[in-house]
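For reference, the structure discussed in these notes is given below.
The values are calculated or read from the model by the stated rules, or taken from the named source; none is laboratory data. Predicted model only: the values in this text are computed from it and were never measured. We place every Cβ from the backbone using ideal geometry, glycine too, and count neighbours over all the protein chains shown.
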Amino acid sequence: MAANLLTASSYQKSVPYGRGKWRRRKLLSSGDRGEIRIRRTYVYGELETGAKTRLSKSSIAIRHVLGQLLKEWRAESAYASDNDFVFASRKLMERKPRRGSMVVADHVKPAAVRAGVIEVKEGKTYLDGELVKRFGFHTFRHSLTSWLMANVENPQIVRAMLRWKNLNMLSHYTHSFKADKLEAQGAVLERLVRESNREVNSVSNTATAAND
């Protein structure tokens, strides 16, 4: 499950790229250098200059493999000129990027189902057995945070990756999963049973010695 969550969480990184153009993002050169800079945002179908906060418009560090995937996407995309959006809307003939909700419905959610991250039953979405009212790119920020914290990542690194101003958001974005809770419970029970058996054996040995 943890590996699937990590895989799914990488989808959230595609959101900023779709809001800019190949030329303005300089994605290929930035990818080689290991960063992407946010210049504009796409909110409720409208392009806006800048970002919500100072941290939101800071550069995003990326590994070489992600830059390579973007290069491969540009090679196969119908809209690959410098002035084209990275993830352009075919319906709008590249005038705007694709809406996030459309990308989720067409690609992200089906991929999450195939990866076993979520289940869809009778039109309802479940994550780790719990009902999820909303599922989209933002969901993966929660998944990424939870996975990093479960793997004992430095909280300051998590804060920087999620681009929070401080650590206050950590408790809101970190969730425990059933498998992790069962493992923790098992560790406690195993210790209790071991200690109990040790006490029983000690009492039994004492009684045997007294009889002798």
Here are some residues: Leu127, Leu144, Leu148, Leu162. Which one is within 14 Å of the chain's Cα centre (by Cα), modelled with pLDDT of 90 or more and under 28 Å from Tyr44 (Cα atoms)?
Leu144
Going through the range 100-133 in order, the residues found to be crowded, with 16+ Cβ neighbours inside 10 Å and either out of contact with any strand residue (DSSP E or B) (no Cβ under 6 Å at 6 or more places or on another chain) or not assigned by TED's automatic domain parsing to the domain that holds Ser146 (or both) are Gly100, Val103, Val104, Val108, Lys109, Val117, Asp128
In the range 75-94, anything surrounded by 16 or more Cβ atoms within 10 Å (Cβ to Cβ) and either within 16 Å of Ile36 (Cα to Cα) or hydrophobic (A, V, I, L, M, F, W, C) (or both) is listed as Phe85, Val86, Phe87, Ala88
Could you run through the range 154-193 and say how many residues are touching a residue at least 12 places away in the same chain (Cβ under 8 Å) and either hydrophobic (A, V, I, L, M, F, W, C) or surrounded by fewer than 10 Cβ atoms within 10 Å (Cβ to Cβ) (or both)?
8
Flag if Arg40 is surrounded by fewer than 17 Cβ atoms within 10 Å (Cβ to Cβ), at pLDDT below 85 and within 25 Å of Ile157 (Cα to Cα):
no
Residues in the range 129-153 that are without any contact (Cβ under 8 Å) to a residue 40 or more places away in the chain and in a helix (DSSP H, G or I): how many?
5
Among the residues of the range 77-120 satisfying the criterion of being assigned to a helix (DSSP H, G or I) and of a type in the set (Lys, Arg), which is nearest to Tyr44 (Cα to Cα)?
Lys109
